1. Using only Cα atoms, tell me the angle between helix 125-134 and the longest principal axis of the chain; keep it within 0 to 90° and round to the nearest 10.
2. Using only Cα atoms, locate the centre of segment 347-411 and the centre of segment 119-162, then give the distance between them in Å, rounded to an integer.
3. When you count, for each residue, the other Cβ atoms within 10 Å and take the mean per peptide, how do 366-376, 452-462, 288-298 rank with the highest first?
4. Which one of S302, G366, T334 has its Cα pushed farthest toward the positive end of the charge dipole of segment 289-416, where Lys and Arg give +1 and Asp and Glu give -1 at the Cβ?
5. To the nearest Å, what is the center-to-center distance of segment 34-70 and segment 416-469, using C-alpha atoms only?
6. With a 1.4 Å probe and all protein chains left in place, how much of the accessible area of segment 27-81 comes from carbon and sulfur atoms, in whole percent?
7. DSSP loop GluC sites (Glu not before Pro) in segment 209-313 with at most 15 other Cβ atoms within 10 Å of their Cβ, which ones?
8. Mind checking the dipole of the chain: about its Cα centre, +1 per Lys or Arg Cβ, -1 per Asp or Glu Cβ, Debye to the nearest 20?
Amino acid sequence: MIGVIANKDEHSTVVEFFELFKTPWEFWRPGTQYDVLLCSNSTVPENDARLLLLYGSQRQAFEKYPSLKTSCAPGHNFALFRNERIPIYGNCLLLEGLQNEVLVHKGTSSIAPDAQLVVRLGFDLFEEVYYLLTKGQPAELANVPTLELHISLLRELIVSHGVTLVEIPPVPAGHRFIVSLTHDVDHPRIRQHLCDHTMFGFLYRSLIGSVIDFCRGRRSLQQVVTNWKAAFSLPLVFAGIVKDFWNQVDRYLELERDLAATFFVIPTKGDAGVDFHGRMSPKRASHYALSDIADDLKNLLSANREIAVHGIDAWRDSAKGRDERKHVQEITGTAETGVRMHWLYFDSQAPATLEKAGFSYDSTVGYNETIGYRAGTTQVFKHAEVDHLLELPLHIMDTALFYPSYMNLPNDQARAAMLPLIENVTRFGGVLTINWHDRSLGPERLWDDTYLALLGDLRARTPWFATGLQTVSWFRKRRAASFVRTTEDDGRVRVRTATDPTAADVPPLTLRVYNTASSGHKFCGKGNALFENITIDGSDEVLVAA
Ligand SMILES: [Zn+2]
């Protein structure tokens, strides 16, 4: 078990960190025996832990004994560990002579017993975690799953020292990770845009933009022909004679077939809402009412797709949020509803506001301009200010990949840009959340080939494809599991899982034990460490050495 000493104001972050690194831990209690003692910028008490981890960007007593030369550095450095670069956003303590690395000095200390290994890490772990979960990473470092790297580093330090470690990894039993396919429904019909800026934008991009893209080698001739045909068919679409080519619901159902997916729909027509400065942008208002797409919604529900709220003002006004939620719940009839804000409007108050409005989860934390990890994580997490609402982070959005003002990638490069994110989620577990907009499969975008290739890349790794609600429900089940020391104090812990009826349709949890001598289960190698996986379902109570 890990004992943790941290300042009082860091305690809520410590608690959340150990929901993401789900392993037995507690705040340090005097006189208790711990395998690992983790001190965050605090004086080290007398202890006999086998491994002592000293985090902190301030000089500590430890540095005096081996006379380590250090210098303080303001934020934006990298901690280096086994060729991995972990961005550090707060202050750092650089250890001189180690190529100015923030990490990691290993040694014994005058303050510790001989057998103890001390690892000195020159940054504030919980300040870093707080920064990631609140402020988030700048777009330049979006590609780094920083929070997962912090967890991985801590795990490596413990396991490589031979200490037994028990963990419930963010991996549903029988799979390596979760995929949450989502679709924001912004423009379900071009028919609703007669002579507005959206229609003229479409005409320009299909008739002229396509040709420019063809000349640059970014579009095939076939695509140009498709877009021109669509543009010239527009009068017939408006007349209701030919099918509206922006309505791609059937195509999504066909491509995704047996896979789960979530569609975020805008609850009210013509409401632009207001932005961070109280201003209104008329372009943000939707041109459809839920009654206009009633047939689509019926089809989606009968195909077991989730329908959630694509919110307008819910992020800043809980009364409006409640109305938005109720509008959509009238159609879905579900008890729990998720939300993602249109244009990803969000601020530090938004989690509390959305919780007050009665939402079960939010999926807004992501980037408009790039793909990656704003909160540095592949995991569903909880914001500090809320009790129930969970955050399903958004990782990949089609518009970020293709828009000229954003990443501006051609098809094949867009596919390649997504592969590292698939590799990361395969390595760390967690969820990969993807948003492909409703009209993106049709003219003039024609981003269907890239989406098909992405689905192929994902299917090949057999993840669990889950709706937003199912994903969140699985993480809730993991959060509800607890570790309790046995009263015999024999170093074993009891793993308790809660029986939650709403989590009935999600896969079981996996218990992973590193450096254990017990047998009867299959051992797997991950890096150099050996571990054993045990599947636990809702009714199990397992005793493990820890
Ligand atoms: Zn939107």
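The values are calculated or read from the model by the stated rules, or taken from the named source; none is laboratory data. Just so it is clear, the structure is predicted and the values come from calculations on it, not from any experiment. Cβ: placed from backbone, ideal geometry, glycine included. Neighbour counts: every protein chain shown. We work out accessible area using only protein heavy atoms, side chains counted, and drop any ligands, DNA or RNA first. Shrake-Rupley method; radii C 1.70, N 1.55, O 1.52, S 1.80 Å.
1. 10
2. Computed from Cα coordinates, the inter-centre distance equals 19 Å.
3. Ranking the peptides 366-376, 452-462, 288-298 by packing returns 366-376, 288-298, 452-462.
4. Towards the positive end, the residue furthest out is G366.
5. One Cα centre to the other: 43 Å.
6. Answer for segment 27-81 is 53 percent, counting heavy atoms of protein chains only.
7. Nothing satisfies the criteria.
8. 780
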